[in-house]
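All remarks here apply to the structure that follows.
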Amino acid sequence: ISKQKKSGEEYWNFVKITPVKGEDGEIIKYISVNEDITKRKYKDETIKTLAFYDPLTMLANRRLLMEKIKGAMALVNRIGGQFAVFYIDIDEFKTINDTMGHKISDEILKVISDRLLSTVREVDTVSRLGGDEFAILFECIGLVSNLEVISQKILNIIREPINIDSKVFYVSCSIGGSTFPTDSDKIEQLLSYADMAMYHAKNKGKNNLQFFNESLNVDSARRMKI
């Protein structure tokens, strides 16, 4: 249980209560043993954080995203509806990383992470897959046209100026989307389709959105990615 010291500092206390019986077998009293397990609790929380969250942005990592998608699939299969996955890649981010260094690049990624979070609902999941690639799980969506409105909001907010160390940076992103169960009822294929669509969005001129459709060709799209 969580308790508070006289100083106001919170700590975690483990309480073990053992009954003491008399000669007739009846319980006559209880012995309580208290143990401060704050360090152990923090260690467990740290392990959980490292396992499921990106250490730079504190967004969900790929592992947690997959768990969330499995849960979304189970919900749709039970009550119907659909959900969508967006893959988001920051345009020309390698140039910023090469010219400005990792410190500036990391700060830009943090700003982008906060902006992505500001565009979604509490039930949705924003994830950093690695580098400058992000993903968003939109649960319980209505019309696909609603996603188009959301994607435009994302495109607009990412393009807003980013101020770091008295410097102003401008970036854009490319977005690819796929929906369950319309595009696929399998996780890996669903993610592959979103990734494929994102590459086509880049090929269309970047700062763009592309939803998956059967005409997309993943091989040509990957060759054309910049």
How much solvent-accessible surface does Thr125 expose, in Å² to the nearest 10, with a 1.4 Å probe and all protein chains in place? 10 Å²
Which residue, chosen from Gln189, Cys140, Val171, occupies the Cα position most advanced towards the positive end of the dipole of segment 93-189, where the dipole is computed from +1 (Lys, Arg) and -1 (Asp, Glu) charges on Cβ about the Cα centre? Val171
Just add up the charged neighbours of Ile162: K/R +1, D/E -1, any other residue whose Cβ is under 15 Å from the Cβ of Ile162. -3
Efficiency by 1/(1 + (r/R0)^6): what FRET value for Ile157 and Glu35, r their Cβ-Cβ distance, R0 = 35 Å, to the nearest 0.05? 0.15
With all protein chains present and a 1.4 Å probe, how do Met100, Met66 order by accessible area, largest first? Met100, Met66
Where the only charges are on Cβ atoms (+1 Lys, Arg; -1 Asp, Glu), what is the dipole of segment 77-182 about its Cα centre, to the nearest 20 debye? 200 debye
Solvent-accessible heavy-atom area per residue, rounded to whole Å², over segment 64-110 at 1.4 Å: 48 Å²
If segment 77-155 were replaced by its equivalent ellipsoid, with semi-axes equal to the square roots of 5 times the Cα gyration tensor eigenvalues, what would those be, largest first, whole Å? 29, 12, 10
Can you give me the relative contact order of segment 62-189 as a percent, contacts being Cα pairs under 8 Å and 6 or more apart? 39 percent
Which value results for Rg/Rh of segment 73-226 when Rg is the Cα radius of gyration and Rh the Kirkwood radius based on the inverse mean 1/r? 0.98
How many angstrom lie between the C-alpha centres of segment 90-119 and segment 142-184? 14 Å
For segment 94-110, just list the computed ³J(HN,Hα) in residue order, Karplus coefficients 6.51, -1.76 and 1.60, θ = phi - 60°, integers in Hz, with x standing in for Gly and Pro. 4, 5, 5, 5, 6, 8, 9, x, 5, 4, 5, 4, 5, 5, 5, 4, 5
Percent carbon-and-sulfur accessible area, segment 91-226, ignoring ligands, DNA and RNA, probe 1.4 Å: 49 percent
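The values are calculated or read from the model by the stated rules, or taken from the named source; none is laboratory data. Because the structure is predicted, anything quoted here is derived from the model rather than measured. In this analysis, Cβ positions are derived from the backbone assuming ideal geometry, glycine residues included, and neighbour counts consider all displayed protein chains. Heavy atoms of the whole protein, side chains included, go into the accessibility calculation; ligands, DNA and RNA do not. Shrake-Rupley method; radii C 1.70, N 1.55, O 1.52, S 1.80 Å.
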